[in-house]
Amino acid sequence: MAKHKGLTFYEKKKRISKAMVHEILVTLFYCFAAVLLAFVIVFLVGMKISVIGVSMEPALYNGQEVLVNRFVYKLLAPNRGDIVVFLPNGNQNSHYYLKRVVGLPGEHVQIIGGYVYIDGAPLEENDVYDKISDPGIAENEIVLGSDEYFVLGDNRNNSEDSRSGNIGPVSRDTITGKAWFHLGCEEDSLGLVE
């Protein structure tokens, strides 16, 4: 028998086993199923709208797209601070409005000296918003009904909202959903995403 001198290398042939192919296919199936389920949930539960105007700056900007959760308010009531999406007075020919909930059902809302008062006490907003120059119909106390909400834009002096006579308090049955996630912005400056 002859001995080989020097180093020799044996190349091991790699074989793809049936188990490995099965594992790859199962992983691909689960990834596809997860993506499909996400799209179904977004389209059944949510909708996408575009912000029109500057009334919600700095949280949302004109032209920015927002995903709306249409399901959450079927189970829960809107809370103070939520950004709700609604059609003013249920007008199907209007565009969707996005505004922040300030007053809740049964509360007394009034704007005094540029600040929002709820049941006679100033609303604590941590000086995030500008002093309101025009109180509109909220110059006089507004008593919200059992299914009404008082909403304001974050850009308080450049917003058509519950202070406007043509909008007024927003009825719960005109609220389409809650702004859930916004697209096209690097940071979530005012707690829009939960």
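The values are calculated or read from the model by the stated rules, or taken from the named source; none is laboratory data. Fair warning: this is a prediction, and the values are worked out from it, not measured in the lab. We place every Cβ from the backbone using ideal geometry, glycine too, and count neighbours over all the protein chains shown. Heavy atoms of the whole protein, side chains included, go into the accessibility calculation; ligands, DNA and RNA do not. Shrake-Rupley method; radii C 1.70, N 1.55, O 1.52, S 1.80 Å.
Yes or no, residue by residue, for (1) closer than 17 Å to residue 144 by Cβ; (2) of a type in the set (Gly, Ala, Ser); (3) out of contact with any Ser or Thr (no Cβ under 7 Å at 6 or more places or on another chain); (4) open to solvent by 80 Å² or more (accessible area, probe 1.4 Å):
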residue	(1), (2), (3), (4)
18	no, no, yes, yes
38	no, yes, yes, no
56	no, no, yes, no
59	no, yes, no, no
63	no, yes, no, no
71	no, no, yes, yes
102	yes, no, yes, no
111	yes, no, yes, no
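Assess whether residue 152 counts as being over 24 Å from residue 57 (Cβ atoms) and in contact (Cβ under 8 Å) with a residue 40 or more places away in the chain. Taking the combined requirement at face value, the residue does not satisfy it. Among the numbered criteria (1) open to solvent by less than 30 Å² (accessible area, probe 1.4 Å); (2) under 30 Å from residue 41 (Cβ atoms); (3) small (Gly, Ala, Ser), which single criterion is violated by residue 162? Of (1) open to solvent by less than 30 Å² (accessible area, probe 1.4 Å); (2) under 30 Å from residue 41 (Cβ atoms); (3) small (Gly, Ala, Ser), only one is false for residue 162: (2). Taken together, 50, 55 contain a single residue that is small (Gly, Ala, Ser), at pLDDT 85 or above, touching a strand residue (DSSP E or B) at 6+ places or on another chain (Cβ under 6 Å) and under 30 Å from residue 176 (Cβ atoms), which is 50. Yes or no: residue 41 of a type in the set (A, V, I, L, M) and part of a loop (DSSP other than H, G, I, E, B)? No: the conditions fail for residue 41.
Take the residues in region 89-100 that are on the phi < 0 side of the Ramachandran plot and surrounded by fewer than 21 Cβ atoms within 10 Å (Cβ to Cβ), then tell me which one is nearest to the chain's Cα centre (by Cα). Out of the qualifying residues, it is 96. Going by what's in this entry, would residue 188 be described as open to solvent by 40 Å² or more (accessible area, probe 1.4 Å), on the phi > 0 side of the Ramachandran plot, part of a loop (DSSP other than H, G, I, E, B) and at pLDDT below 90? Here the answer is no, as residue 188 does not meet what is asked.
Of all residues in region 118-134, exactly one satisfies the criterion of being open to solvent by 50 Å² or more (accessible area, probe 1.4 Å) and under 14 Å from residue 162 (Cα atoms), namely 134.
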